[in-house]
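A short reminder: the numbers here are calculations on the coordinates, not readings from a lab. Being a predicted model, the structure only gives us computed values, none of them experimental. Cβ sites come from the backbone with ideal geometry, for glycine too, and all protein chains shown count toward neighbours.
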């Protein structure tokens, strides 16, 4: 019987820089506001609400998934505001800039691993867990940060199921041998 352990993460809101706050107060200077996650959109809307800033009238807000969806936005010459996690990869920002966009990044939050419970760690180390499920690279970092070298060697042998390609890449880079990509459990 397969026993899955879903590795949890938590999100921590970040204090915004003056330039980020200024960008929020000037939303109508942007053509697009691009989100790549529900979390980024939620943190952004929360910032607007708490600062009593109206949603932009001019800028179009879009949530996109895979990188190829961004290419359909025709970014040439567009001013793009990109609210996101502080630890998200910069490949999308570089891609948009390479296609002629002026991109302003606002780091709104970060994602942190959460400690395993005593029972979870015991099950993991005695071999009762047969599949690890990761929703983000932060979960991988958080899990491995709680383990000794010997424990890491053992845990890396457990198959890792990841929510997307970025997380799968992080799992491979962290030394997991069996990595698959799946959707949300």
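For this structure, a couple of remarks:
- For the range 12-111, the fraction of alpha-carbon pairs lying more than 24 Å apart is 14 percent, rounded to a whole number.
- Here P(r) over Cα pairs in 10 Å bins from 0, in percent was computed from the coordinates, and among (1) 8, 34, 38, 16, 3, 0; (2) 9, 33, 27, 19, 10, 1; (3) 10, 40, 38, 11, 0 the match is (2).
- Between the alpha-carbon centres of the range 1-70 and the range 158-173 there is a gap of 24 Å.
- Relative intensity of the range 109-185 on a log10 scale, I(q)/I(0) at q = 0.12, 0.19 Å⁻¹, equals -0.29, -0.75, per a Debye sum over C-alpha point scatterers of equal strength in the absence of solvent.
- On Cα atoms only, tilt of 38-50 relative to the major axis of the chain in degrees: 50
- Our estimate of slack between residue 122 and residue 11, defined as 0.36 nm per intervening residue step minus the Cα-Cα distance, is 37.4 nm.
- What the Cβ-Cβ distance of residue 45 and residue 131 gives, at R0 = 41 Å and to the nearest 0.05, is a FRET efficiency of 0.75.
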